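A short write-up of the structure that comes next.
No value in this document is a laboratory result; all are computed from the given coordinates. Being a predicted model, the structure only gives us computed values, none of them experimental. Every residue, glycine among them, receives a Cβ derived from its backbone with ideal geometry; neighbour counts consider all protein chains shown.
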Amino acid sequence: MNINDLVEDIISNTVSMVHKDNFTTILTHKDTLDKIEGDVIECGCWRGGFSIFLSKLFPHKKIWVLDSFEGFQDIKDAHYEYGGLERHVPSFTHNMVGQIAVPYDIVVHNFHRYGLESDIQSGRISIIKGFVRDSTPNININTISLLRIDVDSYSAVLEVLNNLYDKVVSGGYIVFDDSGLRETVDAIKTFFTERNLPLSVYHPVTNSILQIGERYTHDETGLPPGCFIIKN
């Protein structure tokens, strides 16, 4: 199965909720990412579809897949307090495409179904169970070429950035699946401000620079899902 057929299969079988445009982002930058040192990591995998895509697209890179496999963490367990309304909490259990908390065994089965069982057995693909507040500080990863963040909530986004940003190499990519969500963008703004980073991201398809705070879409943040940055 070629990579475009794989994307169609993942989407049509609802193994991922990610929009096709966001697969295109990675495909567009594949040649650049191939040349960058470092592992590939996705934080928040749902049924595993996008991580399966990444595993097939970058067969020579170490792949990390992180998820709680039990939905969203309780606000009282979050490391960072949010002044706005946090909607992605344990009571948020289903959306229009199904159950949010997908068990670990089902995700592993999906990897096997796409022919990646031996990659898990060899350790090239590591699937780590736990909330990112616990997993990201302890993960044995030195350099990251691609960090994909799909954790929806304010504290979880900050937890990932604070624990993994410094491991992203110069020229590495950080993709924010939920850049259309207010909680995610508020976390991005907090982190970027603390690190004196420009308050801007790249459009997932056109690669144009979008200013955080300006409106480009009807999404609640004015940004489309899947915006990304390239680390200097």
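Can you compute the charge dipole magnitude of region 3-230 about its Cα centre, using +1 on each Lys and Arg Cβ and -1 on each Asp and Glu Cβ, nothing else charged? Give it in debye, rounded to the nearest 20.
In debye, rounded to 20, region 3-230 gives about 380.
Would you mind telling me which residue in 155, 208, 16 has the biggest mean-square fluctuation in a Gaussian network model of the chain, where springs connect alpha carbons within a distance under 10 angstrom?
Of 155, 208, 16, the most mobile in the Gaussian network model is 208.
Give me the percent of DSSP beta bridges within the chain that run antiparallel, rounded to the nearest 5.
35
Starting with the fewest neighbours, write out 67, 119, 77, 39 ranked by other beta-carbon atoms found within 10 Å of each beta-carbon.
On the way: 67 27, 119 18, 77 11, 39 21.
Listed from fewest to most nearby Cβ atoms, that is 77, 119, 39, 67.
If you find the alpha carbon centre of region 13-41 and of region 113-140, how far apart are they in angstrom?
17
For each of 34, 186, count neighbouring Cβ atoms within 10 Å of the residue's Cβ, then give the residues from fewest to most.
Sorted ascending by nearby Cβ count, the order is 34, 186.
For the chain, what is the mean residue ellipticity at 222 nm derived from helices alone (per DSSP H run of n ≥ 4: -39500 (n - 2.57); sum divided by total residues; nearest 500 deg cm²/dmol)? Let's see the in-between values first.
Values: 9 runs with 78 residues, N = 232.
It lands at -9500 deg cm²/dmol.
Quick one: among 159, 220, 183, which has the greatest mean-square fluctuation in a GNM of the chain with alpha-carbon springs under 10 angstrom?
220
Would you mind checking the pairs 56/167; 20/189; 56/189 and listing those with alpha carbons more than 29 angstrom apart?
Details: 56/167 23 Å; 20/189 26 Å; 56/189 32 Å.
Over 29 Å Cα-Cα: 56/189.
For region 3-230, take the alpha-carbon Rg, divide it by the Kirkwood Rh, and send me Rg/Rh.
0.93
Ordered by residue, what ³J(HN,Hα) values in Hz, to whole numbers, does region 28-41 give under the Karplus form 6.51 cos²θ - 1.76 cosθ + 1.60, where θ = phi - 60° and Gly and Pro are x?
Per residue, the Karplus-derived 3J(HN,Hα) values read 4, 9, 4, 4, 5, 5, 4, 8, 8, 5, x, 7, 10, 9 Hz.
Work out the charge dipole of region 3-230 with +1 on the Cβ of Lys and Arg and -1 on the Cβ of Asp and Glu about the Cα centre, then indicate which of 102, 44, 115 is farthest towards its positive end.
115
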